[in-house]
Amino acid sequence: MAAQHKPKLAVWKFASCDGCQLSLLNCEDELLSVAGAVEIAYFPEATRAVQRGPYDLSLVEGSITTPEEIERIRNVRKLSRYLVTIGACATAGGIQALRNFANVEEYIALVYARPDYINTLATSTPIADHVFVDFELRGCPVNQHQLLEVISAFLHGRKPNIPAYSVCLECKRRGTPCVMVADGTPCLGPVTQAGCGAICPAYRRGCYGCFGPMETPNTAALSAWWKSQLGVDDEDLVRAWRGFNAYAEPFRKESEAHEQPAH
């Protein structure tokens, strides 16, 4: 009997810190099951072995920050039956998207001794701005169990079962009191997608929005509450919305709504 063909899995890195790829490697025992179900054809973080495409499933970490990366992601898309972006960088431009609100040339001049050697774009943008993406998995880094769910879903031809509700529900599930109500601590939990297990509120800290905007977030209402009930000013509101997912559209628009015009 002929051996059954295993789907080819490829994992790609663009501008990022590798944290989301490490989430897959940190799956440990579950990773053995993944390795048994797929053929890991391209994954430089895990192996130097490389097999040529096409690939059945590509996981892409990182944002697009250089002209070369634009051409590279287009080539990855051509080689991939399904393309899934993983993490805040790939889905929203990442923390490096803070450059999108400033003058990148000034940053380059401050950091590099020879700025003329640097060939970069003025913006850091998500993968979906450049190619079609079959699914976006958010997080900074992604939740390893959600990552395994996404891989399993695409291998079995079904839609990934990833929650679209907010972190607040995770707080309720673990019995964590609301830090905004109990302590007066600003928290992005009401507008942030679940997935982290509400780690920060469990330690009496406000959510930082690592998993990006939930489905239909009411960012304006949250900002109004912060201002009227918690005394947060516009400068701090802008800073809060511009975190790991600063360029996700709902967060970006809300930060811009509170940005003071330059004099």
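The values are calculated or read from the model by the stated rules, or taken from the named source; none is laboratory data. Model, not experiment: these values are computed from the prediction. Neighbour counts run over all protein chains shown; Cβ positions are idealised from the backbone, glycine included.
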Identify, please: which residue in region 163-191 is free of Cβ contacts under 8 Å to residues at least 40 places away in the same chain and in contact with a strand residue (DSSP E or B) (Cβ under 7 Å, 6 or more places away or on another chain) and is, among those, farthest from Thr219 (Cα to Cα)?
Gly189
The conditions are (1) touching a residue at least 40 places away in the same chain (Cβ under 8 Å); (2) farther than 20 Å from Ser63 by Cβ; (3) part of a loop (DSSP other than H, G, I, E, B), and Trp226 fails exactly one of them. Which is it?
(3)
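Looking at this structure, is Thr216 out of contact with any strand residue (DSSP E or B) (no Cβ under 7 Å at 6 or more places or on another chain), in a loop (DSSP other than H, G, I, E, B), without any contact (Cβ under 8 Å) to a residue 60 or more places away in the chain and more than 23 Å from Ile95 (Cα to Cα)?
no
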Exactly one of Glu235, Glu254 is part of a helix (DSSP H, G or I), under 26 Å from Ile86 (Cα atoms), out of contact with any Pro (no Cβ under 7 Å at 6 or more places or on another chain) and modelled with pLDDT of 95 or more, and that one is Glu254
Anything in region 1-56 that is closer than 14 Å to Ile151 by Cβ, crowded, with 19+ Cβ neighbours inside 10 Å and polar (S, T, N, Q)? List them, or say none.
Gln21, Ser23
Filter region 120-137 down to the residues that are modelled with pLDDT of 95 or more, farther than 18 Å from Arg252 by Cβ and not aromatic (Phe, Trp, Tyr), then identify the one that is surrounded by the most Cβ atoms within 10 Å (Cβ to Cβ).
Leu137
For region 69-107, which residues satisfy the criterion of being without any contact (Cβ under 8 Å) to a residue 60 or more places away in the chain and farther than 22 Å from Ile118 by Cβ?
Arg74, Asn75, Arg77, Lys78, Arg81, Leu83, Thr85
Please indicate, with yes or no, whether at least one residue in region 184-200 is assigned by TED's automatic domain parsing to the domain that holds Cys20, surrounded by 16 or more Cβ atoms within 10 Å (Cβ to Cβ) and in a helix (DSSP H, G or I).
no
What's the total number of residues in region 97-119 that are in contact with a helix residue (DSSP H, G or I) (Cβ under 7 Å, 6 or more places away or on another chain) and crowded, with 19+ Cβ neighbours inside 10 Å?
1
Pairs with Cβ under 6 Å, 6+ apart, first in region 34-51 and at pLDDT 85 or above, second of a type in the set (A, V, I, L, M, F, W, C) and not in a loop (DSSP other than H, G, I, E, B):
Val38/Leu9; Ile40/Leu9; Ala41/Ala10; Tyr42/Ala10; Phe43/Val11; Gln51/Ala41
Could you grab me the full set of residues in region 241-251 that are surrounded by fewer than 23 Cβ atoms within 10 Å (Cβ to Cβ) and assigned to a helix (DSSP H, G or I)?
Glu249, Pro250
